[in-house]
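Remarks on the structure that follows.
The values are calculated or read from the model by the stated rules, or taken from the named source; none is laboratory data. Quick caveat: nothing in here was measured; it's all calculated off a predicted structure. Positions of Cβ are generated from backbone atoms using ideal geometry, with glycine treated the same way; all protein chains shown enter the neighbour counts. Each accessible area value is taken on the protein alone, full model and side chains, heavy atoms only, with ligands, DNA and RNA left out. Shrake-Rupley method; radii C 1.70, N 1.55, O 1.52, S 1.80 Å.
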Amino acid sequence: MFNDIGALELVTLVVLAVLVFGPEKLPKVIQDVTRTIRKIREFSDSAKQDIRQELGPEFKDFEFEDLNPKTFIRKQLDNDELGLKEIRNGFDLKKEMAEVTDAVHGRESESSSGSSASGSTGGRVDMSKKPEAPAIDDRPPFDADAT
């Protein structure tokens, strides 16, 4: 529940609680808070059991954690029936990014150096920006709709 609270924050909360409630009332406040949390958990568990009973035996594998979109997507992506694990394992992001970087900078990557040696350009696209020098008499294009 409080996974992201560090030691300093916890000490700060304890000191703040002692200052707000006082040392003599603090144990009773802690008991009241724990009792309230326990009642909320019991209510939640009872509601979950009622929902499971109402859904019937068709939904016996239903988990409430699956309603979280992140959990649902993670569970679907880990499903072996779709074959996504093979695609994910066969994709090397570092290699792909290195190839794109090499293409942008006009260098030849290791994987394409053997295949591009056969042709004159090797089927590569020149992605470097080369500004074209306009001719002296060339006018910019006229757009009649813009005026």
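The slack between L67 and D145, meaning 0.36 nm per residue of separation minus the straight C-alpha distance, is 22.8 nm. Per-residue extension of 0.36 nm, minus the Cα-Cα distance of T34 and T101, leaves a gain of 18.5 nm for this segment.
For R35, the solvent-accessible surface computed with a 1.4 Å probe is close to 110 Å², ligands and nucleic acids excluded.
How long is the gain from E24 to L10 if the chain were fully straight, where each residue apart is worth 0.36 nm and the alpha carbon distance is subtracted? Please list the in-between numbers first.
Details: separation 14, 0.36 × 14 = 5.04 nm, distance 2.00 nm.
Full-extension gain reported as 3.0 nm.
Label-to-label distance, L93 versus L55, with points set 7 angstrom from Cα along the beta-carbon direction: 3.2 nm.
In the structure shown, do any of K39/K70; K70/K95; K28/K60; K48/K70 have a Cα-Cα gap over 30 Å, and if so which? Kindly include the intermediate steps, with their values, before the conclusion.
Values: K39/K70 28 Å; K70/K95 28 Å; K28/K60 41 Å; K48/K70 20 Å.
Beyond 30 Å: K28/K60.
Backbone phi angles across the stretch 35-48, fed through the Karplus curve with coefficients 6.51, -1.76 and 1.60 (θ = phi - 60°), yield HN-Hα couplings of 5, 5, 5, 4, 5, 5, 5, 5, 4, 5, 5, 5, 5, 4 Hz in residue order; Gly and Pro are listed as x.
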